[in-house]
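Everything on this sheet refers to the single structure shown next.
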Amino acid sequence: MHDNRITFVLSYLRLNYSEMTHIENILNQTMNLRPSDRAILAQKLINSLSIEEDDIEQQWLELAEKRFKELNNGGVKPISWKEIRNAVKQ
């Protein structure tokens, strides 16, 4: 069971690394645009983030409560940072 948790965390970290690499590639390509085009793109990206702050706070609160209940009910077991770091090194 312990190995399954570490495997899950490692796969999550790898997925995020893959996404970040993709984002970095997009950013590198974007930097080749003219400044005026980059400004237009930046404005469009900012406008796409029109999520209400109250909604975000509510979602974080719900997620925190869900995870707290999972820990208290024994549905999940915490993994220490040391365990994750050692597994990543392997």
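Using a simple spin-label model with pseudo-atoms 7 Å out from Cα toward Cβ, Asn47 and Lys77 lie 5.1 nm apart. Each residue of the range 75-90 was assigned a 3J(HN,Hα) from its phi angle through the Karplus expression (A = 6.51, B = -1.76, C = 1.60, θ = phi - 60°), giving x, 9, 10, x, 10, 6, 4, 4, 4, 5, 4, 5, 5, 5, 5, 6 Hz with x at Gly and Pro.
Taken together, the values in this text are just the output of simple stated rules run on the coordinates, not laboratory data. Every value quoted in this text rests on a predicted model; they were computed, and no experiment measured them. Reconstructed Cβ throughout: ideal geometry from the backbone, glycine too, with neighbour counts over all protein chains shown.
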